[in-house]
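For reference, the structure discussed in these notes is given below.
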Amino acid sequence: MDSPHGMPQGLAQDMLQDMPQDLLFNPLIRAENTEAVVMKGMKRKYYRFRASRHYGGIVTADAIGCPFLCVYCWNYGRNENPAKSGEFYAPGEVVERLTSIAHRKGIRLFRISGAEPVLGPASFDHLLEVLPAGRFIIETNGLVLGARPDLAGRLAALNASVRISIKGWDEVSFERISGARREFFRYPLIALKTLLSAGVDAWPAVMGDLFGANGTKCLAARMDEMGIRTRIETEYLERYPSVLSTMRKRGWEISGKG
Ligand code: SF4
């Protein structure tokens, strides 16, 4: 998987020039603009509620809206145009749907997926009212939590675990994967450090197909420099045709076989 030059396969140096310019956005501005579209008062846009096999069985609310446009996002289209799909649900309605599926399926674990749960204060308040549904794993890209340590600190009082999906092992790979400008690479790591310091059960996760062993090693070194010492979870790519197509368009060569 790894290239001979310490750069995981799929990210050749000459590809770094090919990034479409409209993707090199400020993700904090995008988070704010997206929150304005997917939040109405305390209601947030969701498009599906389901039980899924992840974590050995978890009830999942699939939301819309993210400050990133990751090259491997399986919900890319909805996150690119959040106005076009989904319906608004109040926190109580989300809890009701999640707990109803949980009772039917005998599952006790919950998450929000397909989007970023924390886009700003409004979506954060919505999340806080959904968390009492039960034991939650908050899956986040950590961007806004890194920019707003006050919000990250408030999670410490809650009985939730936080999994931060890290979108690159350095500034350049972060830009290539997330579509956001490279100077925001550190924000998710700041969020991780803040949460761990506050005693929250938090850990980083990386996409193994893109990171390879070298990328994961580079990230571990960056974390070490910041005084972050914790395990790194590795996940693997869901090879949906739409995902492979986006990856090809953005210059990542990856086989269609898992
Ligand atoms: S952070 Fe997650 S939801 Fe957002 S674009 Fe990336 S993969 Fe999709």
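The values are calculated or read from the model by the stated rules, or taken from the named source; none is laboratory data. Bear in mind that the values here come from a model prediction, so they are computed numbers and not experimental data. Methodologically, a virtual Cβ is constructed for each residue, glycine included, from the backbone with ideal geometry; neighbour enumeration extends over all protein chains shown. The protein model used for the area step is the full one, side chains on, heavy atoms only, and it has no ligands, DNA or RNA in it. Shrake-Rupley method; radii C 1.70, N 1.55, O 1.52, S 1.80 Å.
What to note about this one:
- Count of residues meeting criterion [out of contact with any Leu (no Cβ under 9 Å at 6 or more places or on another chain) and open to solvent by less than 10 Å² (accessible area, probe 1.4 Å)] in the stretch 75-110: 3
- Candidate set: the stretch 61-84, residues that are assigned to a loop (DSSP other than H, G, I, E, B) and free of Cβ contacts under 8 Å to residues at least 60 places away in the same chain; chosen: the one nearest to the ligand (Cβ to nearest atom): ASN75
- Test result for ILE58, buried (at least 18 other Cβ atoms within 10 Å of the Cβ) and within 15 Å of the ligand (Cβ to nearest atom): no
- Set GLU183, GLU238, GLU233, GLU171: member being of a type in the set (Asp, Glu) and in contact with a strand residue (DSSP E or B) (Cβ under 7 Å, 6 or more places away or on another chain): GLU233
- VAL130 being more than 16 Å from the ligand (Cβ to nearest atom), more than 29 Å from MET207 (Cα to Cα), at pLDDT 95 or above and crowded, with 19+ Cβ neighbours inside 10 Å: no
- Filter pass, TRP203 being closer than 22 Å to CYS66 by Cα and part of a strand (DSSP E or B): yes
- If the condition is being small (Gly, Ala, Ser) and part of a loop (DSSP other than H, G, I, E, B), then the stretch 32-58 contributes GLY41, GLY57.
- VAL94 being among the β-branched types (Val, Ile, Thr), at pLDDT 95 or above and outside any helix (DSSP H, G or I): no
- Count of residues meeting criterion [part of a helix (DSSP H, G or I) and within 26 Å of ALA156 (Cα to Cα)] in the stretch 206-219: 1
- Which numbered condition TYR240 fails, given (1) within 13 Å of the ligand (Cβ to nearest atom); (2) within 30 Å of GLU93 (Cβ to Cβ); (3) of a type outside the set (Asp, Glu); (4) buried (at least 18 other Cβ atoms within 10 Å of the Cβ): (4)
- Of all positions in the stretch 138-150, at least one carries a residue that is at positive phi, within 16 Å of the ligand (Cβ to nearest atom) and open to solvent by less than 10 Å² (accessible area, probe 1.4 Å).
- Just so you know, in the stretch 97-127 the residues that are part of a loop (DSSP other than H, G, I, E, B) and away from the ligand (no atom under 15 Å from the Cβ) include one that is modelled with the lowest pLDDT, and it is ARG108.
- Selected residue (only one of LYS257, LYS167 is among the charged types (D, E, K, R), at pLDDT below 90 and either assigned to a loop (DSSP other than H, G, I, E, B) or open to solvent by 10 Å² or more (accessible area, probe 1.4 Å) (or both)): LYS257
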